Every structure is written in C-alpha cells, then in structure tokens.
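J.: Got a structure for you, questions after.
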Amino acid sequence: MNKWLALPVLLLLVCAASAQKKRAADVWEYLEVSVVETGCGYAADVCRQYHYYNTGQTLVGPVALDWLEKAGWEPAGVVGKDDAFGGLLFRRAFNRERTKREAETLSELLDREYRAGSVDALVDLDRRDGKRDTIEFNAAEKTRLRAALEAIKDPPLEIVAVTAASDNRKKTRVGAEIVIDATKILLTGNNYRASAAETYFREAAGRILDRIGAASAGPFDGNAAAISGGGFRPRIGGFEVRRDGLTLKISVVVNYKSARIVVAQGWIYGDWRAVSR
C-alpha cells in the first residue's frame with residue numbers, strides 16, 4: 001500500500017480504537033420512570049416516579065416525559081411489575097454533576113406543578129403529603145433491599161424484580177423475586193434429584209435471609225417434588241408482595257438443552273426492619 005494512503009487508514013484505526021475504548025469506559029446511569037397512581041390525589045395528570053439508580057434519589061410528581069430525550073436519556077428497557085403499572089428504564093453516560101443539576105431542576109418543576117394542581121380542588125394537605133411521603137418511603141425501601149441483595153455473592157443472584165407496597169411509613173411491605181442458577185451443583189448429564197433441589201433451595205433461602213439481616217417467619221418449601229411430579233407449575237415473573245414484612249420469591253433453575261428449567265420455587269416470608277422513620 002502507498003505510504004501516503006496507509007497513514008490515513010492508520011489514523012482511522014487509531015481513532016476507532018480510541019472511540020471504542022471510550023465507549024467501553026463509559027459508566028451508564030439509569031433512570032426508572034413509573035406511574036405510581038393516577039391523579040396523584042390532587043391533579044388531573046398522572047403521577048410519575050423518577051428514580052435515579054446511580055444516586056438513589058427519587059422524585060414524584062406529574063411532569064410529562066418530553067424532557068427525557070433532550071436531557072440525553074435513551075430507552076433501555078421495561079422494568080418488570082415493580083409497581084402497580086410497571087415502569088420504563090432509560091440510560092445515558094453517567095455525569096454526577098449533570099445528574100445533580102437535573103434532579104434539582106426536576107424537583108423544582110415537580111413542586112411547581114404539584115402546587116398548581118391543587119388550585120381548583122379542595123385538598124387535604126395531610127393526606128396529600130402523607131401519600132407523597134409513603135411513595136418516597138417505598139422507593140427508599142426498594143433501593144435498600146436491592147442493594148442488600150446485590151451485595152450477596154454466594155449464591156449468585158439474578159434479581160428479577162424488587163417492589164415495596166407499604167401504605168404508610170410505620171411498616172415495611174417489601175419484596176423481591178430472585179433466580180438462582182444451580183446447574184453446576186444439581187445437574188449431572190441429564191439427571192438431577194428433586195430432593196437435592198429442595199435442600200439447595202432451603203439452604204440458599206436461609207443464607208439470603210441471614211445476609212440481609214432478616215428473620216424467617218415460617219418454614220421454607222421449594223416445592224421441588226411437586227414440580228418434578230407435575231403438580232406444581234412454576235413460572236418466573238409476575239411477582240407481587242403478598243403480606244407485610246419481607247416477601248422473597250426464589251426460583252432455583254438448571255440450564256439443560258438451551259432451556260432454563262425451574263426445579264424448585266417458593267415464597268419466603270420474614271421480618272425486615274424498615275429504614276429509620
């Protein structure tokens with residue numbers, strides 16, 4: 001190749017490699033936008049919750065979504081039914097100062113619209129503020145439980161959903177759906193034992209509760225024998241909190257012939273203290 005032609009090609013390759021390295025070095029930040037209730041109890045617009053994953057900040061109010069694209073957010077997926085209406089997930093390269101300024105501006109806008117929505121209707125401020133406090137409390141509980149679960153490395157957990165549904169700040173009603181891949185432990189060729197799957201489920205559930213500091217409210221049952229016999233059909237997804245305190249839905253799976261098969265699944269209930277009031 002002519003040396004004068006080779007030089008531009010080399011520069012292009014260097015620039016491409018540099019850009020690729022920069023993209024790999026980017027740290028994504030995520031924003032979850034959920035509809036938490038219609039009307040917000042004070043306005044005709046829907047009530048949205050904006051939860052910044054990287055900073056843990058949560059804001060609530062009726063602001064529309066047209067500002068997201070202008071602020072550099074791009075769609076990144078749909079969040080499973082963490083809230084009554086689920087949520088949309090957005091991402092962009094993380095810049096802490098930009099996020100701080102944006103959250104401050106968004107908070108001011110939310111407060112302005114919050115007050116404006118109360119002009120034409122008779123509003124019980126205690127009820128309105130109580131609802132807002134409860135939404136923020138549940139968001140904090142979700143963040144706290146997710147962080148506690150993500151800190152567990154043994155067994156490695158796939159967190160499907162985390163949700164909080166308390167109706168007041170004086171009690172915890174929080175939970176998560178978790179999947180544990182036990183292929184290497186339970187599967188030999190095309191064989192496994194339901195009894196071993198049941199034992200693994202119970203031991204894993206006990207370790208999880210211990211590591212997040214929760215006390216069990218009952219026995220552990222992974223339904224492994226019922227699943228093997230066809231009397232219980234497990235499914236992943238559609239999680240909801242069933243009672244006050246802590247609810248964990250745990251599925252133990254094995255990968256076989258490109259399929260993920262649930263061999264044990266059960267609901268664990270416990271006592272997990274709420275954050276400081």
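The values are calculated or read from the model by the stated rules, or taken from the named source; none is laboratory data. Note that the structure is predicted; figures quoted are calculated from it, not measured. Here the Cβ is made from the backbone with ideal geometry for all residues, glycine too, and neighbour counts use every protein chain on show.
J.: How many of the residues in the stretch 194-228 are exposed (fewer than 14 other Cβ atoms within 10 Å of the Cβ) and either over 20 Å from residue 146 (Cβ atoms) or touching a strand residue (DSSP E or B) at 6+ places or on another chain (Cβ under 8 Å) (or both)? Explain how you work it out, then say what you get.
T.: Residues of the stretch 194-228 that are exposed (fewer than 14 other Cβ atoms within 10 Å of the Cβ), as a first pass: 195, 203, 206-207, 210, 213, 215, 218-219.
Next cut, either over 20 Å from residue 146 (Cβ atoms) or touching a strand residue (DSSP E or B) at 6+ places or on another chain (Cβ under 8 Å) (or both) only: 195, 203, 206, 215, 218-219.
Adding up the residues that qualify gives 6.
Table: residues versus (1) basic (Lys, Arg); (2) modelled with pLDDT of 75 or more; (3) under 27 Å from residue 238 (Cα atoms).
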position	(1), (2), (3)
35	no, no, yes
51	no, yes, yes
57	no, yes, yes
62	no, no, yes
86	no, no, yes
98	yes, yes, no
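J.: Out of all the residues in the stretch 230-238, is one or more touching a residue at least 40 places away in the same chain (Cβ under 8 Å), over 19 Å from the mean Cα position of the chain (by Cα) and closer than 22 Å to residue 154 by Cα? Lay out the reasoning, then the answer.
T.: If we filter the stretch 230-238 for residues that are touching a residue at least 40 places away in the same chain (Cβ under 8 Å), which is where we start, we get 236-238.
Then drop every residue that is not over 19 Å from the mean Cα position of the chain (by Cα), which leaves none.
Looking through the stretch 230-238, none of the residues is touching a residue at least 40 places away in the same chain (Cβ under 8 Å), over 19 Å from the mean Cα position of the chain (by Cα) and closer than 22 Å to residue 154 by Cα.
J.: Could you list all residues from the stretch 127-165 that are small (Gly, Ala, Ser) and touching a residue at least 60 places away in the same chain (Cβ under 8 Å)?
T.: Applying the first criterion (small (Gly, Ala, Ser)) to the stretch 127-165 yields 130, 139-140, 147-148, 151, 161, 164-165.
Passing the criteria: 139, 140, 148, 151, 161, 164, 165.
J.: Does residue 185 qualify as being of a type outside the set (S, T, N, Q) and either surrounded by fewer than 16 Cβ atoms within 10 Å (Cβ to Cβ) or over 20 Å from the mean Cα position of the chain (by Cα) (or both)?
T.: Numbers: of a type outside the set (S, T, N, Q): yes; either surrounded by fewer than 16 Cβ atoms within 10 Å (Cβ to Cβ) or over 20 Å from the mean Cα position of the chain (by Cα) (or both): yes.
In short, yes.
J.: Now a separate question. Report, by residue number, each residue of the stretch 66-76 that is surrounded by fewer than 13 Cβ atoms within 10 Å (Cβ to Cβ) and at pLDDT below 85.
T.: Selection gives 66 alone.
J.: Just wondering, is there one or more residues in the stretch 141-162 that are of a type in the set (Asp, Glu) and either surrounded by 16 or more Cβ atoms within 10 Å (Cβ to Cβ) or touching a strand residue (DSSP E or B) at 6+ places or on another chain (Cβ under 6 Å) (or both)?
T.: First, pick out the residues of the stretch 141-162 that are of a type in the set (Asp, Glu): 141, 150, 154, 158.
Adding the requirement that they be either surrounded by 16 or more Cβ atoms within 10 Å (Cβ to Cβ) or touching a strand residue (DSSP E or B) at 6+ places or on another chain (Cβ under 6 Å) (or both) leaves 141, 158.
Within the stretch 141-162, one or more residues are of a type in the set (Asp, Glu) and either surrounded by 16 or more Cβ atoms within 10 Å (Cβ to Cβ) or touching a strand residue (DSSP E or B) at 6+ places or on another chain (Cβ under 6 Å) (or both).
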